[in-house]
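J.: Next up is a structure, given as structure tokens.
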Amino acid sequence: MGAVASINHAHIVEKEEKHEDVHKVVSKLPQYGIVGHEQYNQIVSNGSVSMKKLRELDPYLKYGGQYDGDEKDTEDFKYLTFKELPMFGPEHKSFMSKILTEQMFENLKSKKSSKGYTLSNAIMTGVVTPSLQIGATAGDEDSWEVFKELFYPIIQALHGYDATSQSQPIDLDSKKIVFSEKQKILFEKFVLSTRIRAVRNISGFALPAGSTAEDRLNVESILKKAFAGFSGDFAGTYYDLGSLTEEQTTFLRKRGFLFSAPTARNLLTGAGAVRSWPNNRGIFHNDTQTALVWVNESDHCRIISMELGGDVVSVFDRFCRLSQAVTAAAEADNRKIMWSDKLGFLGTCPSNLGTGLRASVMTVLPEFKKQPDTELLSSVCSVFDLLAKPPVNATGVESLEDQRYDISNRERLGVSEVQLVQKLVDGVSAVLRIEQKLAEGMEVAAVKDLLAVRTIFVGPPGCGKGTQAVKIRQEFNLAHLSTGDMLRAAVKAGTQMGQKAHEVMQKGELVSDDIVVGIIAEAITSPSCANGFILDGFPRNVSQANMLDELLQQKKQSIDCVINLAVDDELLIKRITGRLTHPPSGRSYNIYFNPPKVENTDDVTGEPLIKRADDNEETLRQRLDTFHGQTAGVLQHYSAKVINIKGDGSMENITTDIRMALKELKKQKLNAGIDA
């Protein structure tokens, strides 16, 4: 390979190499075409290539790895091989960089998928492009299984989906969408356009990040054959990306149909998915320009259904038929679409798993645009797991005059296509009704009150109530009002009620209900409670519940629900009486559920484990009897608002159950409020 080989990372030496045509040499460096000449020209000085500068300036060498030669290498792209864990820095933001440990790297670094995709291939884009959110790609169908030790935690972090225990539903029946006449009228008034898209990949061929030229050609051939056979409302035209005329380019760009080579900051670029661009890539659209297919961009194909206006059912029906047509094309070649019962439709990026579906509408919302609180629309959308984004200009800045918003589904995994589209219909309907209410004079404070959640968490000792309260507080942006913590904070801050509590405690007396309610009154007026709160440890009896209700009524508020974590007493006794801890490290064990390898001995240090004196059955049964005696009246008092959650599952499953219950509560509260 001559001069170029001598400057591959594997052979870098601390000296300058002299070459007759140094610019020609530099232009052949592996990633020159991606990063650009301005970056690489910095390594040229007085006709020499500085090896030291090459190591410093080539972003693909900055964090470790070397150009070792990969069978998928092309003239315009070379894959890196990482023989050690990459040198992640504070600039690395991706899930991959946070999840990939030294041990995980060692476990996976020698593994290969059936088509030769390696761990180095999978993580390369996240290493060389630190700003990415996800930072890992699959090179073929097999990658999702071979590298699941890495991918499954990324999926959990990104989607909140447990791929080890959950399964992905599929439902492409547009007739199931509920779209009332009243909703249609709203959508006709406020919605400019509707668009639904997803990716599909053909089993047996590598994905773009790991594909060969032959794979790309075969995928394109199968899809072109399908396009040629389309008839009726799908009849249309296919454009080869590499042979577009200027007129065709202008036409496709004006309509938003054209895709271009990703930039250096894109996940696909550092993954090798842009190799040999634009060969065997193309665009199909039907004659009415309501169905679009991108070929060999981020995936084998991206299918898109769209039209002007807000007829969501029509757009979804076309999407379903287009999906079926692509599936039929694969089956006609004795192949199938990539699918996993756990992960749904498979593709290049973890973000497009599951349904892989993005359903969106472009709306005009002048009243929301007027609001100083720019988060109001996002808060309403989040109730339905939707995202709202305003259009931005070429520099990425939102226009203050543009009243349009793109609203789309946030979820991909764990829900079906029908469920996602129904959430879009229901959520956008709520947004549009609030838009009308605001125009009629509804106060923003009233909207925010409908979005607030005020709840009480109830549960016996050892049920994990405090842990769940912290998780839910963070997710719903609520204040966690624990009576013990509030008392201490009020005393420390010297508030009026804090001073009274301090005087009582100094005398060794119990703090009265009046003082506790007074401290709660101080707390719920603070900005931290604007979105609602979780009361933990109060009320403990009916008298306290009545006092709380009276306090909230004075503020025109009320408790929305009571989350009751129900756990069998015998299970709790095992949880608590079986606890063993290693104080220096904080490691904990349980003789029933997670025993140490050697009895009463820490697995790591071999040091003795400690059992707390009050973790005994007699003390615990007394505490449980007291709890049940006090709580029964409170649960009866709020009987119409109690949501029972099984507290004997995993912490993650319990959190999911609480999350789903509170989301449903928020929907009901919001819909009831704006329909009143």
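J.: Quick one: helix 651-675 against the long Cα principal axis of the chain, what's the angle to the nearest 10°, folded into 0 to 90?
T.: So the helix axis and the longest Cα principal axis differ by about 80 degrees.
J.: On to the next question. What are the ³J(HN,Hα) values, in whole Hz, obtained from phi via the Karplus relation 6.51 cos²θ - 1.76 cosθ + 1.60 with θ = phi - 60°, for each residue of segment 560-565 in sequence order, with x given for Gly and Pro?
T.: Coupling constants for segment 560-565: 7, 6, 10, 8, 9, 7 Hz.
J.: Of the GluC sites (Glu not before Pro) in segment 482-529, which ones lie in a loop per DSSP and count no more than 10 other C-beta atoms within 10 Å?
T.: Glu509
J.: If R0 is 22 Å, what FRET efficiency do you get for Val392 and Lys254 from their C-beta distance, rounded to 0.05?
T.: 0.70
J.: Next question. I'd like the FRET efficiency for Lys225 and Asn279, computed as 1/(1 + (r/R0)^6) with the beta carbon distance as r and R0 of 25 Å, rounded to 0.05.
T.: 0.85
J.: For segment 469-528, build the charge dipole from Cβ charges (+1 Lys, Arg; -1 Asp, Glu) around the Cα centre, then report which of Thr483, Gly498, Ile472 sits farthest towards its positive end.
T.: Value: Ile472.
J.: Let me ask something else. Quickly work out the Arg612-to-Thr374 label distance, labels modelled 7 Å from Cα along the C-beta direction, and quote it in nm with one decimal.
T.: Spacing of the two 7 Å Cα→Cβ label points: 4.6 nm.
J.: Moving to a separate point now. Of all accessible surface on segment 132-242 at a 1.4 Å probe, what whole percent is carbon and sulfur?
T.: Values: 2450 of 4740 Å².
Looking at segment 132-242 in its full context, I get 52 percent from C and S.
J.: For Glu652 and Leu192, compute 0.36 nm times the residue count separating them, minus their Cα-Cα distance, and round to one decimal in nm.
T.: Working: separation 460, 0.36 × 460 = 165.60 nm, distance 4.00 nm.
Answer, rounded to one decimal: 161.6 nm.
J.: Looking at the square roots a ≥ b ≥ c of the eigenvalues of the Cα gyration tensor of segment 330-472, which shape do they give, rounded for a/c under 1.5, prolate if a/b is larger than b/c, or oblate?
T.: Since a/c reaches 1.5 but b/c is at least a/b, the shape of segment 330-472 is classed as oblate.
J.: Before anything else, pin down the relative contact order of the chain: Cα pairs under 8 Å, at least 6 apart, normalised by residue count, whole percent.
T.: 11 percent
J.: Is it possible to state the helix-based mean residue ellipticity at 222 nm for the chain, with each DSSP H run of 4+ residues giving -39500 (n - 2.57), the sum divided by total residues, to the nearest 500 deg cm²/dmol? What is it?
T.: -12500 deg cm²/dmol
J.: If you roll a 1.4 Å probe over the heavy atoms of the protein chains, what accessible area per residue do you get for the chain, in Å²?
T.: Here the per-residue accessible area is 46 Å².
J.: What is the angle, in °, between the Cα long axis of helix 181-190 and the longest principal axis of the Cα atoms in the chain? Nearest 10 is fine, range 0 to 90.
T.: Between helix and principal axis, roughly 60 degrees.
J.: Next question. What does the extension gain come out to for Ala261 and Tyr592, with contour length at 0.36 nm per residue minus their alpha carbon separation? Walk me through the numbers before you get to the answer.
T.: Values: separation 331, 0.36 × 331 = 119.16 nm, distance 5.69 nm.
In short, 113.5 nm is gained.
J.: Hey, another quick one. Each residue of segment 450-465 in turn: what ³J(HN,Hα) in whole Hz from Karplus with 6.51, -1.76, 1.60 and θ = phi - 60°, glycine and Pro shown as x?
T.: Using θ = phi - 60°, the values come out as 5, 8, 6, 10, 10, 9, 10, 9, 10, x, x, x, x, 7, x, 4 Hz.
J.: If you plug each phi of segment 373-378 into the Karplus form 6.51 cos²θ - 1.76 cosθ + 1.60 with θ = phi - 60°, what whole-Hz ³J(HN,Hα) values come out, in order, with x for Gly and Pro?
T.: After applying 6.51 cos²θ - 1.76 cosθ + 1.60, I find 7, 6, 8, 4, 5, 4 Hz.
J.: Oh, and also: Work from the charge dipole of segment 121-238 (Cβ charges, +1 for Lys and Arg, -1 for Asp and Glu, about the Cα centre) and give the residue of Ala228, Asn201, Gln156 farthest towards its positive end.
T.: Ala228
J.: Considering only Val598, Gln166, Ile576, whose Cα is most displaced toward the positive end of the charge dipole of the chain, charges sitting on Cβ of Lys, Arg (+1) and Asp, Glu (-1)?
T.: Highest projection toward the positive end goes to Gln166.
J.: Measure nothing fancy, just the Cα-based angle from helix 513-524's long axis to the longest principal axis of the chain, in degrees from 0 to 90, nearest 10.
T.: Taking the Cα atoms of the chain, the angle to 513-524 is about 20 degrees.
J.: Work out the length of the dipole vector of the chain about its Cα centre, built from +1 on the beta-carbon of each Lys and Arg and -1 on the beta-carbon of each Asp and Glu, and round it to the nearest 20 debye.
T.: 440 debye
J.: Now for a different question. Which three semi-axes in whole Å describe the equivalent ellipsoid of the chain, each the square root of 5 times a Cα gyration tensor eigenvalue, listed largest first?
T.: Values: eigenvalues 522, 249, 119 Å².
Equivalent-ellipsoid dimensions as semi-axes: 51, 35, 24 Å.
J.: Moving on to the next point. Quote the charge dipole size of segment 69-214 about the Cα centre in Debye, to the nearest 20; the model charges only the Cβ of Lys and Arg (+1) and of Asp and Glu (-1).
T.: Computed charge dipole of segment 69-214: roughly 700 debye.
J.: Checking the table Lys389/Lys646; Lys182/Lys448; Lys109/Lys225 against a 28 Å threshold on Cα-Cα, which pairs fail? Before the final figure, lay out the partial values.
T.: Working: Lys389/Lys646 37 Å; Lys182/Lys448 25 Å; Lys109/Lys225 39 Å.
Listed pairs above 28 Å: Lys389/Lys646; Lys109/Lys225.
J.: What order do Lys83, Lys78 take when sorted by accessible area (1.4 Å probe), most exposed first?
T.: Numbers: Lys83 115, Lys78 45 Å².
Output order, biggest surface exposure first: Lys83, Lys78.
J.: How much length is gained on full extension from Lys93 to Ala566, taking 0.36 nm per residue of separation minus their Cα-Cα distance?
T.: Once the chain is fully extended between Lys93 and Ala566, it gains 166.4 nm.
J.: Another question, then. Before anything else, pin down the relative contact order of segment 233-329: Cα pairs under 8 Å, at least 6 apart, normalised by residue count, whole percent. Don't skip to the answer; put the middle values down first.
T.: Working: 110 pairs, mean separation 24.9, N = 97.
Computed value for segment 233-329: 26 percent relative contact order.
The values are calculated or read from the model by the stated rules, or taken from the named source; none is laboratory data. As the structure is a computational prediction, the values presented were derived from the model and not from experiment. Quick reminder, even Gly has a Cβ in these numbers, built from the backbone with ideal geometry, and neighbours come from all protein chains shown. Quick note on the areas: whole protein, heavy atoms, side chains included, nothing else; ligands and nucleic acids left out. Shrake-Rupley method; radii C 1.70, N 1.55, O 1.52, S 1.80 Å.
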